[in-house]
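The values are calculated or read from the model by the stated rules, or taken from the named source; none is laboratory data. None of the values given here were measured: they were computed from a predicted structure. FYI the Cβ positions are ideal-geometry reconstructions off the backbone, even for glycines, and counts take in every protein chain you see.
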Amino acid sequence: MADLDIDDLKRRMDHAFDVLKHELAGLRTGRATTSMLEPVVVEAYGSKMPIKQVGNINVADARLLTVNVWDKSLVSAVDKAIRASGLGLNPAVDGNLIRIPIPELTQERRIEYSRIAGKYAEQARVAIRNVRRDGMEQLKKLLKDHEMSEDDHQLYHDEVQELTDATVKRVDEALAQKEKEILQV
C-alpha cells in the first residue's frame, strides 16, 4: 500500500506562507524597518548583491534608516540602487554613511500598499491551492491504481483539506495584521 506524503505537502504550503511573509515585510508601514531595504539589489564587483551584503543597515529612529557602506567605492552604487528601487526613498550620502529619511505615507499610498498586500496574499492562496490540487491528484491516482483503500483515500482527503484550510487561515491573519499596520496613522 502506498501513502501520500503529507509532510511534503505541508512543507510546500509553509514555503508559500514564508514567501508571503517575506513579501509583506518589504511593504512600508510608515515606520522605518531594516526589512524595507531587503528587496534592494546593488550592482557591486561585477554582480548584483543584496544591500545587506555591502553594508550595515540600521534604524536610527522611527523615521530614519542608515546604511553604513563598508567599501567607499560602492557608496554611489548603493545610493543609486536605493533611488531606483521604487520604494519612494531619497537617500542622502555622508561619506560612507547613507541616511534615508522615511517620508510620511499619504492615505492614497496606504490604500495602494493595502491592495498590494492583498495581491501578495492572493498569490500565496493560489500557491497553497495548487499544492492541495497536486495532493488530491496523487490521492486519485493511488485510489485508481488500487494502491489505497477508499477509507484511506477519504482520511487523506480530509487531512489535506484541513492542512489547506489552516494554511489559508494563517495567510488571512498575516494579511489582516499587515493591513492594520499599513492603515494605522
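Some points to look at:
- Residue in the range 79-91 that is modelled with the highest pLDDT, counting only those that are farther than 14 Å from MET36 by Cβ and not basic (Lys, Arg): ASP79
- Selection of the range 92-108 for residues being at negative phi, modelled with pLDDT of 85 or more and surrounded by fewer than 19 Cβ atoms within 10 Å (Cβ to Cβ) yields ALA92, VAL93, ASP94, ASN96, LEU97, ARG99, PRO101, GLN107, GLU108.
- Whichever residue in the range 113-156 is in a helix (DSSP H, G or I) and among the polar types (S, T, N, Q) and, among such residues, is surrounded by the most Cβ atoms within 10 Å (Cβ to Cβ): GLN138
- Number of the condition not met by ASP18 [criteria: (1) at pLDDT 90 or above; (2) buried (at least 17 other Cβ atoms within 10 Å of the Cβ)]: (2)
- Odd one out for ASN56 among (1) out of contact with any Asp or Glu (no Cβ under 9 Å at 6 or more places or on another chain); (2) under 13 Å from THR34 (Cβ atoms); (3) modelled with pLDDT under 90; (4) surrounded by fewer than 16 Cβ atoms within 10 Å (Cβ to Cβ): (3)
- Qualifying residue in the range 161-180 (condition: of a type in the set (Lys, Arg) and touching a Leu at 6+ places or on another chain (Cβ under 7 Å)): yes
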